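Data first, discussion second: the structure below is written as structure tokens.
The values are calculated or read from the model by the stated rules, or taken from the named source; none is laboratory data. None of these values were measured; they are calculated from a predicted model. With ideal geometry, Cβ positions are generated from the backbone for all residues, glycine too; neighbour counts draw on all protein chains shown. Side chains included, ligands, DNA and RNA excluded: accessible areas come from the protein's heavy atoms. Shrake-Rupley method; radii C 1.70, N 1.55, O 1.52, S 1.80 Å.
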Amino acid sequence: MLRTSVDADTLDPAAVVESYKNLANIERDFRIIKADDLDLRPIHHRLEDRVKAHVLICLLACYLIWHLRKAWAPMTFTDEHPPQRDNPVAAAHRSAAADAKAARKHDPADNPLRSFRGLLDHLATLTRNQIRFPGADTDIPILAEPTPDQRRAFQLIDTPIPLTAA
């Protein structure tokens with residue numbers, strides 16, 4: 001049984017159950033903040049404005065991760081088109097396309113699929129090197145050759161591969 005203070009006109013029983021089940025996404029986001037993708041260490045602030053700023057930055061980071069998960073869904077095992085459920089209490093099922101992605105471990109174009117964490121790890125191998133020629137006093141930044149998956153990841157977020165790490 002679930003209780004809510006929201007009127008039944010605003011949120012019907014099915015929406016209440018769906019909202020409750022969506023709490024799992026919030027819990028996942030807090031795990032992301034603490035350990036998984038963002039690995040933010042505990043920071044102890046004493047001033048109220050700094051605490052609020054820290055929370056805002058953490059939530060913005062979660063929002064960024066949410067957008068990246070959506071944009072990079074074709075490169076990961078994410079179910080891009082989960083089937084609609086008539087009954088929110090019933091167990092969720094994956095689409096046939098998601099099952100095929102998981103079974104083949106490749107997309108229809110035969111590109112390898114990764115977990116979201118695996119894709120971030122693969123993107124982390126894209127490096128920028130500083131080259132200094134003998135007798136020269138200036139460094140030249142050179143980007144390592146991106147893999148096709150790295151290029152595709154940046155194309156999916158409609159962003160050029162940065163030459164500099166900011």
Fill in: Stretch gain in nm, segment His93-Val16, where the contour uses 0.36 nm per residue and the Cα spacing is subtracted
25.8 nm
Practice prompt. Could you look at the chain and say what percent of its accessible area is carbon and sulfur, using a 1.4 Å probe and all protein chains?
Written response: 58
Practice prompt. Given the peptides 14-27, 59-72, arrange them by the average over their residues of other C-beta atoms within 10 Å, most packed first.
Written response: 59-72, 14-27
Worksheet, complete the sentence: If R0 = 25 Å, then Leu56 and Ile131, at their Cβ-Cβ distance, give a FRET efficiency to the nearest 0.05 of 0.05
Fill in: Globularity ratio of the chain, using Cα Rg and 2.2 N^0.38 Å
1.39
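Work out the FRET efficiency for Leu156 and Lys105 from their Cβ-Cβ distance, taking R0 = 30 Å, and round it to the nearest 0.05.
Numbers: r = 19 Å, r/R0 = 0.63.
My answer for the efficiency is 0.95.
If you put +1 on each Lys and Arg Cβ and -1 on each Asp and Glu Cβ, how big is the dipole of the stretch 20-166 around its Cα centre, in Debye rounded to 20? Walk me through the intermediate numbers first.
Details: 21 positive and 19 negative charges, 72 e Å.
For the stretch 20-166, the charge dipole is close to 340 debye.
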Item to complete: Kindly flag which residue pairs out of Lys21/Lys101; Lys21/Lys52; Lys21/Lys70 have an alpha-carbon separation exceeding 21 Å in this structure.
Response: Lys21/Lys101; Lys21/Lys52
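How much mean residue ellipticity at 222 nm does the chain get from its helices, if each DSSP H run of length 4 or more adds -39500 (n - 2.57) and you divide by all residues, to the nearest 500 deg cm²/dmol?
Values: 6 runs with 71 residues, N = 166.
It lands at -13000 deg cm²/dmol.
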Worksheet entry | Which of Asp86, Asp137, Asp7 is most accessible, then next, and so on - probe 1.4 Å | Asp86, Asp137, Asp7
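To the nearest 20 Debye, how big is the dipole of the stretch 54-113 about its Cα centre, given +1 on the beta carbon of each Lys and Arg and -1 on that of each Asp and Glu? Write down the numbers at each step before the final one.
Values: 7 positive and 6 negative charges, 23 e Å.
Using Cβ point charges on Lys, Arg, Asp and Glu, the stretch 54-113 gives about 120 debye.
With the other protein chains left in place, how much accessible area per residue, in square angstrom, belongs to the stretch 38-129 at a 1.4 angstrom probe? The partial results should precede the final answer.
Details: 6630 Å² over 92 residues.
Solvent-accessible surface per residue comes out at 72 Å².
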